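Colleague: Please find one structure pasted underneath; my questions will follow.
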Amino acid sequence: QVQLVESGGGLVQAGGSLRLSCAASGRTFGTYNMGWYRQAPGKEREFVAGISWNGGSTSYADSVKGRFTISRDNAKNTVYLQMNSLKPEDTAIYYCNVPPFRGSPGYWGQGTQVTVSS
């Protein structure tokens, strides 16, 4: 079992920054690829950013490329999402994710709300 707990969300003006954190517990943190997703009211959950198990590769949705940065610190059992130049359309609940892999069902955190005002 893996538990994921997001934090760092809040209310920020357009152009501002937030840093989200996802603290993991359970099986060895460093063995998992991880990602961030977000879901706005009435919309499907969408991929935001992903990072490989050792941090060697990252990927981003086109909508956040150049503004968001995903990183991880396996010694601290934490993955981060640095969000800069925030826009109102970034408003959503942000979820940390471990994808299914080799018999693992995958895991989701409870989400943290990000609201960007105009």
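Colleague: For the condition open to solvent by less than 20 Å² (accessible area, probe 1.4 Å), modelled with pLDDT of 95 or more, more than 13 Å from CYS22 (Cβ to Cβ) and small (Gly, Ala, Ser), what is the one hit in ALA92, ALA40?
Modeller: ALA92
Colleague: Quick check: anything in segment 71-82 out of contact with any Pro (no Cβ under 7 Å at 6 or more places or on another chain), modelled with pLDDT under 90 and assigned to a loop (DSSP other than H, G, I, E, B)?
Modeller: Yes, because at least one residue in segment 71-82 is out of contact with any Pro (no Cβ under 7 Å at 6 or more places or on another chain), modelled with pLDDT under 90 and assigned to a loop (DSSP other than H, G, I, E, B).
Colleague: Those residues that are in contact with a strand residue (DSSP E or B) (Cβ under 7 Å, 6 or more places away or on another chain) and either surrounded by fewer than 21 Cβ atoms within 10 Å (Cβ to Cβ) or not in a strand (DSSP E or B) (or both), I need them from segment 19-34; list them, please.
Modeller: Scanning segment 19-34 gives ARG19, SER21, ALA23, SER25, GLY26, ARG27, TYR32, ASN33.
Colleague: Checking TRP53 against (1) outside any strand (DSSP E or B); (2) in contact (Cβ under 8 Å) with a residue 24 or more places away in the chain; (3) of a type in the set (A, V, I, L, M, F, W, C), only one condition comes out false. Which one?
Modeller: Here TRP53 clears every test but (2).
Colleague: Could you list, in sequence order, all residues of segment 95-106 that are open to solvent by less than 40 Å² (accessible area, probe 1.4 Å) and either touching a His at 6+ places or on another chain (Cβ under 8 Å) or outside any loop (DSSP other than H, G, I, E, B) (or both)?
Modeller: Answer for segment 95-106, where residues must be open to solvent by less than 40 Å² (accessible area, probe 1.4 Å) and either touching a His at 6+ places or on another chain (Cβ under 8 Å) or outside any loop (DSSP other than H, G, I, E, B) (or both): TYR95, CYS96, ASN97, VAL98, SER104.
The values are calculated or read from the model by the stated rules, or taken from the named source; none is laboratory data. All values reported here derive from a predicted model rather than from experimental measurement. Every residue, glycine as well, gets a Cβ built from its backbone with ideal geometry; the counts of neighbours run over all protein chains shown. Ligands, DNA and RNA are excluded from the accessible area calculation, which covers all protein heavy atoms including side chains. Shrake-Rupley method; radii C 1.70, N 1.55, O 1.52, S 1.80 Å.
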